[in-house]
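Okay, structure first, notes after.
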Amino acid sequence: MTRKFARVAIAAAGLLAATAVTAGAAPAYAAGQSASPAIAIPMTGNNCGQAGGALNCMYVQGSGLYASEVRGWAQVAGVQAGFAVHEEVTGPNGHICNSNTVTSGTNQVVGCQIYPNANIAAGQYCAKLWEYLGNDYYELVDQECLQVFS
């Protein structure tokens, strides 16, 4: 049985798209490249989107509910210089991981990942790019999600 993903992209402006695909993946993006629609590759899912000058991606590798890697990352080169940003990955059971905070304006890539090498819960996995605005306040810049089900 192959893993199926439903592509869900939610940006700061609101719900952008929801397209079902049977196992989707897009290649890794080098500096300066933009996201493209998901390309069908068995057993792996990837969803990327752009908002606020950043490329933000959610990636799950595995088969069925078995996952060898769950990763969220963002390239923040296009974000106005001087902003503090970090990446968070969430799943159907809540928070999974946070990246370190980086200052935008340079060709920075920020992200976090886990390597469960086990079955994961079915549901929505999201990469969230947050900007720190001061006084313990964070604003969601972009959220890219994958729906994982067996």
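Among the residues of region 93-102, some residue qualifies, meaning at least one is modelled with pLDDT of 95 or more and of a type in the set (A, V, I, L, M, F, W, C). Residues of region 78-91 that are in a strand (DSSP E or B) and over 17 Å from E144 (Cα atoms): A84 alone. Could you list, in sequence order, the residues of region 62-77 that are part of a strand (DSSP E or B), aliphatic (A, V, I, L, M) and within 11 Å of V109 (Cβ to Cβ)? Selection gives A74 alone. Answer yes if at least one residue in region 38-59 is surrounded by 15 or more Cβ atoms within 10 Å (Cβ to Cβ), outside any strand (DSSP E or B) and among the hydrophobic types (A, V, I, L, M, F, W, C), and no otherwise. So far as region 38-59 goes, yes, one or more of its residues are surrounded by 15 or more Cβ atoms within 10 Å (Cβ to Cβ), outside any strand (DSSP E or B) and among the hydrophobic types (A, V, I, L, M, F, W, C).
Evaluate region 98-116: report whether one residue or more is without any contact (Cβ under 8 Å) to a residue 24 or more places away in the chain and in a strand (DSSP E or B). Yes - at least one qualifying residue is present in region 98-116.
T101 fulfils the conditions (1) β-branched (V, I, T); (2) surrounded by fewer than 17 Cβ atoms within 10 Å (Cβ to Cβ); (3) under 15 Å from the mean Cα position of the chain (by Cα) except for a single criterion, (3).
Is it the case, given these coordinates, that Q143 is crowded, with 16+ Cβ neighbours inside 10 Å, within 16 Å of A51 (Cβ to Cβ) and of a type outside the set (A, V, I, L, M, F, W, C)? So Q143 fits the description; yes. Could you tell me which residue of region 63-82 is modelled with the lowest pLDDT, considering only residues that are of a type outside the set (K, R) and buried (at least 19 other Cβ atoms within 10 Å of the Cβ)? Looking at residues that are of a type outside the set (K, R) and buried (at least 19 other Cβ atoms within 10 Å of the Cβ), I get V79.
The values are calculated or read from the model by the stated rules, or taken from the named source; none is laboratory data. Being a predicted model, the structure only gives us computed values, none of them experimental. All Cβ positions, even for glycine, are placed from backbone atoms using ideal geometry, and neighbour counts span all protein chains on display.
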